[in-house]
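*Asks:* This is the structure I want to talk about, given as structure tokens.
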Amino acid sequence: MTKYPMTIKGADALREELEHLKTVKRPEIVNSIAEAREHGDLKENAEYHAAREQQGFCEGRIQDIEGKLGNAQIIDITKIANTGKVIFGVTVKLLNIDTDEEVTYQIVGDDEADIKNNRISVNSPIARGLIGKVVDSDIEIQTPGGVVEYEIISVDHI
């Protein structure tokens, strides 16, 4: 059975989405199907087919979320002692050795990843290169643009 690592915030976000799908979206779709049925012939009723397709996507997403939450390994990084080692859930500040640019990433589960908010998946090339390393380490990360060399400035459990 596959375990899905996720932070507390990520699990809460999935629970909220699941609640929204079940209490808001699902009833809306059922109403849309009922309305479309009232229009008559279902074979040529585009509204009916669109609503049924929407229902399929909604039910699929509900099953997906329930499966992930059922197999979730929720990690509260604030309860783990900070040893300076990069592990799942930490926030890492890096220095690009070539450009002297600093960047901060939080290592999160796949569903939580959002590069615009500097949240990277534990399965991303950068996170895989960071896991297990410690503060003040120099590391080389293979990126689509080539090899980038970073220094780990800090590791925070926030």
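Quick note: the coordinates plus some simple rules give every number you see, no bench work behind them. Nothing here was measured: the structure is a model prediction, and the numbers come from that model. Positions of Cβ are generated from backbone atoms using ideal geometry, with glycine treated the same way; all protein chains shown enter the neighbour counts.
*Asks:* Which of the trypsin sites (Lys or Arg not before Pro) across region 1-66 are loop residues per DSSP, with 11 or fewer other Cβ within 10 Å?
*Replies:* Values: sites: Lys3, Lys9, Arg15, Lys22, Lys25, Arg37, Lys43, Arg52, Arg61; in loops: Lys3, Lys43.
Hits after loop and neighbour filter: Lys3, Lys43.
*Asks:* So, one more: Please report the equivalent ellipsoid semi-axes of the chain, computed as sqrt(5 x eigenvalue) of the Cα gyration tensor, largest first, in whole Å.
*Replies:* Working: eigenvalues 379, 64, 26 Å².
Equivalent ellipsoid of the chain: 44, 18, 11 Å, largest first.
*Asks:* Another question, if that's okay. Using only Cα atoms and rounding to the nearest 10 degrees, what angle (0 to 90) does helix 8-20 make with the longest principal axis of the chain?
*Replies:* 10
*Asks:* Would you please classify the overall shape of region 77-156 from the alpha carbon gyration tensor, given that a ≥ b ≥ c denote the square roots of the eigenvalues, rounded means a/c under 1.5, and beyond that prolate means a/b larger than b/c while oblate covers the rest?
*Replies:* On the way: a/c = 1.74, a/b = 1.19, b/c = 1.46.
Here region 77-156 falls in the oblate category.
*Asks:* Pairs of lysines 8 or more apart, or on different chains, with alpha carbons under 13 Å: count those in the chain, would you?
*Replies:* 4
*Asks:* Which ³J(HN,Hα) values, rounded to whole Hz and listed in residue order, are derived for region 28-40 from phi using the Karplus coefficients 6.51, -1.76 and 1.60 in 6.51 cos²θ - 1.76 cosθ + 1.60 with θ = phi - 60°, glycine and proline given as x?
*Replies:* Taking θ as phi minus 60°, the curve returns 4, 5, 4, 5, 4, 5, 4, 4, 5, 5, 5, 7, x Hz for region 28-40.
*Asks:* Springs between alpha-carbon atoms under 10 Å, Gaussian network over the chain: tell me which of Asn82, Asn45, Asn96 tops the mean-square fluctuations.
*Replies:* Highest fluctuation of the listed residues: Asn45.
*Asks:* Taking N as the number of residues in region 46-108, what is its Cα Rg relative to 2.2 N^0.38 Å?
*Replies:* It is 1.93.
*Asks:* Could I ask something else about it? Which FRET efficiency, nearest 0.05, do Glu101 and Thr78 yield, Cβ-Cβ r, R0 30 Å? Could the numbers behind the result be given before it?
*Replies:* On the way: r = 28 Å, r/R0 = 0.93.
Taking R0 as 30 Å, the efficiency between Glu101 and Thr78 is 0.60.
*Asks:* Follow-up. Using Stokes-Einstein with the Kirkwood hydrodynamic radius over Cα pairs, what translational diffusion coefficient do you get for region 4-75 at 37 °C and a viscosity of 0.692 mPa s, in µm²/s rounded to a whole number? The partial results should precede the final answer.
*Replies:* Details: Rh = 13.6 Å.
Rounded to a whole number, D works out at 242 µm²/s.
*Asks:* Could you compute the longest span of the chain free of GluC sites (Glu not before Pro) located in DSSP loops and having at most 11 other Cβ atoms within 10 Å, not counting the site residues? Walk me through the numbers before you get to the answer.
*Replies:* Numbers: sites that count: Glu44, Glu101.
Formally, the longest exposed-site-free interval is 102-158.
*Asks:* Separate question: Once the Cα atoms of helix 46-70 and of the chain are each reduced to a long axis, what angle between those two axes, in degrees from 0 to 90 to the nearest 10, is obtained?
*Replies:* The answer is roughly 40 degrees.
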